[in-house]
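No lab work stands behind these numbers, since they all come straight from the coordinates. Predicted model, so just to flag it, every value in this text is computed and none were measured. Cβ sites come from the backbone with ideal geometry, for glycine too, and all protein chains shown count toward neighbours.
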Amino acid sequence: MPKKPAPSPATDNQLHDHQPGAEQPAFSTEQGNGGELHQTVAYGAHPAAYLTDNFGHRIADNQNSLRAGERGPTLLEDFVLREKIFHFDHERIPERIVHARGSGAHGVFECTKAIPGLTKASIFQTEGASCPVFVRFSTVAGGAGSVDTPRDVRGFAVKLYTDSGNWDLVGNNIPVFFIQDAMKFPDLVHSVKMEADRGYPQAASAHDTFWDFIGLMPEAMHMIMWAMSDRTIPRSLRMIEGFGVHTFRFVNEKGDGKFVKFHWKPVLGIQSTTWDEAVKIAGADPDFHRRDLFEAIDAGDFPAWDLGVQVFDEAFAAKQPYDVLDATKLIPEEDVPVEIVGRMTLNRNVDNFFAETEQVAFLPSNIIPGIDFSNDPLLQGRLFSYLDTQKSRLGTTNFHQIPINAPKCPFHNFQRDGMMQTLVPTGRANYEPNSLAEAGENGGPRPSPATGFNAFTTNDERNDPTQKLRVRAELFADHFSQARMFYLSQTENEQAHIASALVFELSKVTLDHVRVRVVGQLRNIDDNLAKRVADGLAIDLPAKEKAARAPVDLKPSDALSIQKNADDTMEGRKVAILFAEGSDKAAIDALKATIEKAGGTAFLVAPKVGGIKVKGGTLKADGQLAGSPSVLFDAIASILTDDQAKTLSKQGAAVQWFMDAFGHCKTIAHDEATQILLDKAGVEKDSGVVTLDGFAKVGTRRHWAREAKVRDLA
Ligand code: HDD
């Protein structure tokens, strides 16, 4: 049952309390613009309220339009019909040009370690300080109606409503990016989106134009290693890392600056699916991630992330074989450890997808005093793009007044008017300086030199700002060292997954020269990888593409591998138990208890859902077998009678259930009766195929040692 608190009782013309400054008046008059400011309101549909049109006129009949005679034409004067259709016709807004498909949730951020020596940001001054947050996770390439599990980077955008203004950390689940300069972003996005003439493929990078662009942009090769790894086929949004990607700056009260990189570490650990699994999930449940996040929060299983910072100074930066302003590079955790300073917990689902998740507008330019930009040329371009895109998506420069976007601290200025203005500033003071206060009028707000942003501390000791140049700094030309470091840091299975992903993607490319060029680029990363991919495509190993700068050997970093850091926890994981008529209820209950005790969720699957007679009572299933394939779960178990197992062994959905779980290296816990199904599905005994009693010991971890049996890892 949902554990979320019941909404507070509403009244007619209900005003939801989600507007800024519900606790403290956001548009207060004491320091403000003078006079009363009306607040933004949202109308809640109260079940007992009478139906009205948008101007408050009560509606008597919501079924029939107004007609001239019983069988006559509809009348233009029916303003009820016209308003309803008019509003409906305009319900959609332009979807985001990238990251169109997303899922959002509310939560809270709490500082767990005060760092006033590093930053004056108010949220980091005291341990225990907290602020509300809104997070939107997304895929990048697909449209709003695409599926949740394509191979794609995941957006990880966090809006922290701090008492000194909104801080938007608009990151991804990968710590580096495809390109170094914002100048290339439109080209990158055009290349990966549906091809311009044919309008496909949707939400897929496996096509000519993307790989054509990539082959010609070797700076993307590090990101390509990540994108072809299991990071881009996550099991759950609750189990992805988040990264601010760019190098930012921390600035303390004295004005001293240090560089900083931001990391979100999932408390549930990082977990991914296999490619075959991700593809099948897309068919079984296109909303797999969205549903998983919503249901977990609804059940009170609140996902959480620790916020970590890597802090370093200019002297460290100057010594590295890469440029810290280059967003295609990361800082190995072994060189600069990630220090945990806070925790974010998502504890409330949105009430309305459109009003909140769709209308939320993230701006990397939203920073707070104590956090500053760096000169990363990708970040600098983003500072323009997001503000601009919100105007186009939300239609007005007043998008900051939409409740999900408005700060929860007061804001006052002399900006006025514009489309969809919902505030009503009073008085004459709409300019500054003014001396209206001398005449007893409210003169409005004034700058605050001591606490506001002053000179941005985006300085760089190694830069000569007197020159205007269209260039990149020298170290940006090293495109391969970190790509190689990433590849060599993976386990053998993970390396095989990268190679297979590249083979799959390039097999969809129809232009031979494009494939050849990409494989030629791979030779700069690792010759063995290039050979595997060439082999998989059945092409000759091409000549190495010329590198702009010779790569150097960097120490592999274990922190970059998912499998090396895999957690054996069952928390947040979902286990399916297959049962049928006659199954032993006591055994089912016992297994359920084991799963729940370890923090997991049990999901009952049966050939029929309504209510099945089992030994010891009647049981309802949570899902029907054909609609609940094993790809939707972290592990499976089966409790059947001999007869039912025999019957099921003739059903494709049941056999496939076990075959897939085995192929995806999942734990299979079973009773003796199930053996007939296992034999049919080709399930062989190994450490992950266990008796019901053995389940607790192996839990929901994946059994990668099995993989070579079910997939060619060459
Ligand atoms: Fe971006 C959306 C993340 C580079 C231009 N981006 C967007 C979102 C995320 C990111 C998570 C979705 C926000 C939401 O949920 O509403 N983008 C990144 C990261 C980047 C990056 C981590 C590199 C480090 N982006 C980037 C560049 C540009 C943009 C270089 C343009 C020069 N991004 C946009 C955008 C979007 C956007 C077009 C589309 C919708 C939106 O902004 O609000 O302005």
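The label point for Gln675 and the one for Val471, both projected 7 Å from the Cα toward the Cβ, are 7.5 nm apart. Summing charges over neighbours of Gly370, with a neighbour being any other residue whose Cβ is under 9 Å away from its Cβ, gives -1 when K and R count +1 and D and E count -1. Taking 0.36 nm per residue of separation and subtracting the current Cα-Cα distance, fully stretching the chain between Arg446 and Asp276 would add 55.2 nm. Extending 7 Å from Cα along the Cβ direction at Arg549 and again at Glu77 yields two label points whose distance is 7.7 nm. The distance from the alpha carbon centre of the range 456-529 to that of the range 116-134 is 36 Å, rounded to a whole number. Rounded to 0.05, the FRET efficiency of the Ala566 and His513 pair, given R0 = 45 Å and the Cβ-Cβ distance, is 0.70. The trypsin sites (Lys or Arg not before Pro) of the range 61-103 that DSSP puts in a loop, and whose beta carbon has at most 15 other beta carbons within 10 Å, are Arg71, Arg92.
Cross-link partners for Lys592 among the aspartates and glutamates, with Cα-Cα distance under 16 Å and sequence neighbours closer than 8 places in the same chain left out: Glu571, Asp584, Asp622, Asp634, Asp671, Asp693.
Past 29 Å, Cα to Cα, is the threshold; run Lys159/Lys564; Lys564/Lys697; Lys329/Lys546; Lys585/Lys697; Lys574/Lys650 against it and keep the listed order. From Lys159/Lys564; Lys564/Lys697; Lys329/Lys546; Lys585/Lys697; Lys574/Lys650, over 29 Å: Lys159/Lys564. Between amide H atoms placed 1.01 Å from N, distances below 5 Å from Asn347 occur with His106, Gly107, Val108, all of them 5 or more places distant or on a separate chain. Each residue of the range 207-218 was assigned a 3J(HN,Hα) from its phi angle through the Karplus curve 6.51 cos²θ - 1.76 cosθ + 1.60 (θ = phi - 60°); the sequence is 7, 3, 5, 5, 6, 4, 4, 4, x, 8, 10, x Hz, with glycine and proline shown as x. In terms of modelled amide H atoms, which long-range or inter-chain residues lie less than 5 Å from the amide H of Leu578? When sequence neighbours closer than 5 places are left aside, the close amide H contacts are Val605, Ala637, Ser638, Ile639. Could you please report the charge total around Gln320, scoring K, R as +1 and D, E as -1 over all other residues with beta-carbon less than 9 angstrom from its beta-carbon? Local charge sum for Gln320: 0. I'd like the FRET efficiency for Asn454 and Ala318, computed as 1/(1 + (r/R0)^6) with the beta carbon distance as r and R0 of 30 Å, rounded to 0.05. Efficiency, from the Cβ-Cβ distance: 0.70.
With a cut-off of 16 Å on the backbone N, the residues of the range 265-287 near the modelled label site 7 Å out from Glu295 along Cα-Cβ are 281-287. Modelled spin-label separation between Lys615 and Asp351, with each label point placed 7 Å from Cα along the Cα-to-Cβ direction: 5.1 nm. A dipole drawn for the chain from +1 and -1 charges on Cβ atoms has a positive end, and of Gln125, Tyr431, Ala602 the residue lying farthest that way is Ala602. Averaged over residues, the count of other Cβ atoms within 10 Å places the peptides 164-175, 469-480 in the sequence 164-175, 469-480, highest first. Charge tally around Ala547: other residues with Cβ under 10 Å, Lys/Arg +1 each, Asp/Glu -1 each, net +2.
List every residue whose amide H lies under 5 Å from the amide H of Ala141, counting only residues 5 or more places away in sequence or on a different chain, with H placed 1.01 Å from N in the peptide plane. Those qualifying (amide H under 5 Å, at least 5 residues apart or on another chain) are His99.
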